[in-house]
Amino acid sequence: MVYFSAEHLALANQALRETFGQCSIAWQAIPHWDTGDPGQINVANGLMGASAGFLSLAPPPSPPPPPTALLTVAEAIAPTPDALLTGVMAATETLANNFDTDVLNACYKAPTAPNLVPIPASAGTNPQDLQKALINSRVLVENTGYRAPSCLITNTVGLLYLNQLANGYYNILQQTLAAANINSLYRFDIDGGSTQKKARMVLIGRRRRIAQGAAPEASPGEEPVDLACSVLPSLEVDGETSSGGIQLSPRIRYATRITDATGLVALKE
């Protein structure tokens, strides 16, 4: 850490937080809260009765090597932090992707019947069938009290279905989202390890209206899923490597708390 001034580290952490917030869909779409204890390793799962228990606070699982930034000593002690910021932001993008993969797939896998809605094979050519599946999903979350406009996360195939052209020129997106009471839409490779050729979607119910990207300002306790964070997105200076470089790691410690799976709907083609 002696290689970096306090000012440079502050700038790097600011860039990391902004980059993470811009890159992570889960951070934008799901409310989070700070446990207030960076050393905490477990957090209550938010469930009641026999289902009550604890979740481990941990970094997102990632394939090796973990996201890191590696700087030379010359880059570390440079009077301007350009190399530092470039390395940190690149590693943060990887961290955000690993984070989203873990959180969003957990949301997709949580619902059980009847909150598993099939997307008809005809949905790719028939907008009415797609709209019916989304309206049925809306009904499921509204019947359990989540009546504010919902959030929809879909993969690329699903996004193509949502952006069909009716009569050759009229995009169905806005009308389809309005019918299903959806005000927030994101694209991510949900269930990407299983398929890239079929539509996958997860609908997140809301008790309060949350605008696109505004989940960090929302109250987490009211929503069906939230993120408990013991360490918010920040930078760790690991030290020198065997080759003489300086290694830095973006980090976050969190748990995905699905407190009410009836507020989530998984749609699968």
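The values are calculated or read from the model by the stated rules, or taken from the named source; none is laboratory data. These numbers were taken from a predicted model, which means no experiment stands behind them. Cβ placement follows ideal geometry from the backbone for every residue including glycine, while neighbour counts extend to all protein chains displayed. Ligands, DNA and RNA are stripped out before the accessible areas are found, and what is left, the full protein with its side chains, is counted by its heavy atoms. Shrake-Rupley method; radii C 1.70, N 1.55, O 1.52, S 1.80 Å.
General remarks:
- Label-to-label distance for Ile77 and Ala6 is 2.1 nm, based on points extended 7 Å past Cα in the beta-carbon direction.
- Rg/Rh ratio calculated on Cα atoms of the range 114-223 (Kirkwood radius): 0.97
- Relative to the longest principal axis of the Cα atoms of the chain, the long axis of helix 127-143 makes an angle of roughly 80 degrees.
- Here the contact order of the chain, divided by its residue count and restricted to Cα pairs under 8 Å and six or more residues apart, works out to 31 percent.
- Considering only the chain, percent of DSSP beta bridges that pair antiparallel, nearest 5: 75 percent
- Helical runs (DSSP H, four residues minimum) scored at -39500 (n - 2.57) apiece and divided by the length of the chain put the mean residue ellipticity at 222 nm at -10000 deg cm²/dmol.
- For the range 1-111, the carbon plus sulfur part of the accessible surface works out to 61%, probe radius 1.4 Å.
- Residues in the range 41-52 carry Karplus couplings, in order, of 10, 9, 9, 4, 7, x, 8, 10, x, 5, 8, 5 Hz; the curve used is 6.51 cos²θ - 1.76 cosθ + 1.60 with θ = phi - 60°, and Gly or Pro positions show x.
- Sequence-ordered 3J(HN,Hα) estimates for the range 76-91 from the Karplus curve with 6.51, -1.76 and 1.60 and θ = phi - 60° stand at 5, 9, 4, x, 10, x, 4, 5, 4, 5, 4, x, 5, 5, 5, 5 Hz, glycine and proline given as x.
- The range 163-204: chymotrypsin sites (Phe, Trp or Tyr not before Pro) in DSSP coil with no more than 14 other Cβ atoms inside 10 Å: Tyr169
- Set of aspartates and glutamates with alpha-carbon distance to Lys109 below 18 Å, sequence-local pairs under 8 removed: Asp100, Asp189, Asp191, Glu223, Asp226, Asp260, Glu269
- Neighbour-limited loop hits for trypsin sites (Lys or Arg not before Pro), the range 209-269 (at most 12 other Cβ within 10 Å; DSSP other than H, G, I, E, B): Arg209
- Across the range 205-218, coupling constants 3J(HN,Hα) worked out from phi with the 6.51/-1.76/1.60 Karplus curve, θ = phi - 60°, read x, 10, 8, 10, 5, 10, 6, 4, x, 9, 4, x, 9, 8 Hz, and Gly and Pro carry x.
- 0 to 90° range, to nearest 10: angle between helix 6-23 axis and the chain longest Cα axis: 20 degrees
- Between Thr241 and Glu18, the modelled labels are 2.7 nm apart [label points 7 Å from Cα along Cα→Cβ].
- Base-10 log of normalised Debye intensity for the range 1-109 (one unit scatterer per alpha-carbon) at q = 0.24 Å⁻¹: -1.37
- The residues of the chain present an accessible area of 47 Å² per residue when probed at 1.4 Å with all protein chains retained.
- For the residues Leu177, Leu185, a 1.4 Å probe over the protein chains yields an accessible-area ranking, largest first, of Leu185, Leu177.
- Carbon/sulfur fraction of accessible area - the range 142-262, other protein chains in place, 1.4 Å, %: 47 percent
- In angstrom, the C-alpha Rg and Dmax of the chain are 20.6, 64.
- Among the trypsin sites (Lys or Arg not before Pro) found in the range 141-205, those both in a DSSP coil and sparsely packed, with 12 or fewer other Cβ atoms within 10 Å of their Cβ, are Lys197.
- When only alpha carbons are used to place a centre, the range 101-137 and the range 249-266 end up 19 Å from one another.
- These residues, Thr262, Thr256, Thr154, go from largest to smallest accessible area, 1.4 Å probe, as Thr262, Thr256, Thr154.
- Near the amide H of Val225, within less than 5 Å, lie the amide hydrogens of Thr259, all on another chain or at least 5 residues away, with H placed in the peptide plane.
- The residues Leu70, Leu85, Leu11, sorted by heavy-atom accessible surface at 1.4 Å with ligands and nucleic acids left out, run Leu70, Leu11, Leu85 from largest to smallest.
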